[in-house]
Amino acid sequence: MDADALNAFMEQAFPHAQPGTRGHVVSAAPGHIRARMDPNEKALRPGGLISGPTQMGFADMAAYALVLAHIGPVAMAVTSALNYQFLRPCRPGPLFADAAMLRLGKRLAVMDVRIWTDDADKPVGQANVTYAIP
């Protein structure tokens, strides 16, 4: 699936998502996707930083999109593990995710997702995500 097909599927699969809570796929290539999220003020935690649940949810969305880019629109591919490391304060503004496929098997997909704001070389967080494929 390409970026447009992934975004259309996400819109259909999650029709009740509020603006600024899901993000969208910017580009898709074999083994990689880039996503962008423009969080709203509800995504902020005390101190004016983007909350951990917002960052982890965005990493999960990027991983889901990467799996679907490879296996097609399989709605019931589900997260089986997500380990997130907070690396730097996540200041308000656009978030980007670079998701890379580490292993795609028949039943499991394992990905690396890096979340960044201003500089891709200075990620604010990193996730290892595993998806179960039905």
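Just to be sure, is L95 crowded, with 18+ Cβ neighbours inside 10 Å, hydrophobic (A, V, I, L, M, F, W, C) and modelled with pLDDT of 95 or more?
Yes; evaluated as a whole, the condition is true for this residue.
Pick out the one residue from A69, A5, A35 that is touching a Phe, Trp or Tyr at 6+ places or on another chain (Cβ under 8 Å) and either surrounded by fewer than 16 Cβ atoms within 10 Å (Cβ to Cβ) or under 19 Å from A100 (Cα atoms) (or both). None of the other options fit; the residue is A35.
The single condition from (1) more than 12 Å from M37 (Cβ to Cβ); (2) touching a helix residue (DSSP H, G or I) at 6+ places or on another chain (Cβ under 9 Å); (3) surrounded by fewer than 16 Cβ atoms within 10 Å (Cβ to Cβ) that R88 fails is (2). The residues in the range 1-17 that are touching a residue at least 24 places away in the same chain (Cβ under 8 Å) and either part of a strand (DSSP E or B) or not aliphatic (A, V, I, L, M) (or both) can be counted, and the count is 2.
Evaluate the range 74-81: report whether one residue or more is farther than 25 Å from E11 by Cβ, out of contact with any Leu (no Cβ under 8 Å at 6 or more places or on another chain) and either modelled with pLDDT of 95 or more or surrounded by 14 or more Cβ atoms within 10 Å (Cβ to Cβ) (or both). Yes, some residue in the range 74-81 is farther than 25 Å from E11 by Cβ, out of contact with any Leu (no Cβ under 8 Å at 6 or more places or on another chain) and either modelled with pLDDT of 95 or more or surrounded by 14 or more Cβ atoms within 10 Å (Cβ to Cβ) (or both).
The values are calculated or read from the model by the stated rules, or taken from the named source; none is laboratory data. Values in this document were obtained by computation on a predicted structure and should not be read as measured data. Backbone-built Cβ (ideal geometry, glycine too); neighbour counts: all protein chains shown.
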